[in-house]
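Participant: This is the structure I want to talk about, given as structure tokens.
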Amino acid sequence: EGVWNRTLVAGVAFSEILASHLIIDGTILVIQLIQTFAFLFTMYDNRGSFLLAMLLIGLVGFCGLLYGLWIGCFAMIFMLAHCVLDGVALVMIFLSGVIWPVEGIAIILRYFAFLTPLTYPAISLKNIVMKGYSITHPTVFFSFGVSIAWISVMVMLIMRASKKFMLS
């Protein structure tokens, strides 16, 4: 604990810390994507575009990476950040249709399910891989838009948090 403050006192800028996290975590994300899709597309019969599916999941992964960085801006204790991220991730995974289909979720929870950044991309990934949908299909196009919108929101929240952090 306190590594963040000691790093800033040593003269490292907030933007440098953020850039280093993005580079390291982005590299790990790319490695995980390659491993996952190598397994997915060699072991199963897929009709869709390998590149399109990988790009969609890459955007979702980058959104999650930015969400983690945003939480890290506020959590002064590592365990607090870990608990918040685990709790939110668990709820999103269950509500998004990754494990349980969205059609099987209670009506009240279904409204919340479509507010998460995972629901539309999860539906589109199934359609890309199983049905061979392309980017021109409205569902797939919309899911890319949702992912880019969530990334934009996360970037704005991180920029706002960094300004507050630098002022205090």
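Nothing in this text is a laboratory measurement; each read-out follows from the coordinates by a stated rule. Just so we're clear, the structure is a prediction, and the values are computed from it rather than from any experiment. All Cβ positions, glycine included, derive from the backbone under ideal geometry; neighbour counts span all protein chains shown.
Participant: Go through 115-124, 154-163 and give me the packing order, highest mean Cβ count within 10 Å leading. Walk me through the numbers before you get to the answer.
Facilitator: Working: 115-124: 22.0, 154-163: 15.1.
Going by the mean number of other Cβ atoms within 10 Å, highest first, we get 115-124, 154-163.
Participant: Need the full-extension length gain, Val9 to Gln35, defined as separation in residues times 0.36 nm minus the C-alpha distance. One decimal, nm.
Facilitator: Numbers: separation 26, 0.36 × 26 = 9.36 nm, distance 3.86 nm.
Difference between extended and current length: 5.5 nm.
Participant: Give the Kirkwood hydrodynamic radius (Å, one decimal) of the range 79-168, defined as one over the mean of 1/r across all pairs of different Cα atoms. Don't jump to the answer; show the numbers that get you there.
Facilitator: On the way: mean 1/r = 0.0675 Å⁻¹.
It is 14.8 Å.
Participant: Here's another thing I want to ask about it. Along each of the three principal axes of the Cα atoms of the range 1-79, give the extent in whole Å, ordering the values from largest to smallest.
Facilitator: 53, 23, 16
Participant: Given the Cα-Cα distance of Ala75 and Phe114 and 0.36 nm per residue of separation, how much length would full extension add, in nm?
Facilitator: Working: separation 39, 0.36 × 39 = 14.04 nm, distance 2.70 nm.
Gain in length upon complete extension: 11.3 nm.
Participant: Run the quick spin-label model on Glu16 and Ser152: label points 7 Å from Cα toward the beta carbon, then report their separation in nm to one decimal.
Facilitator: Label at Glu16, label at Ser152, 3.3 nm between them.
Participant: What nm distance separates the two modelled labels at Ile28 and Leu85, each placed 7 Å from Cα along Cα→Cβ?
Facilitator: 0.7 nm
Participant: Largest first and to the nearest Å, give the Cα extent of the range 6-153 along each principal axis.
Facilitator: 54, 36, 26
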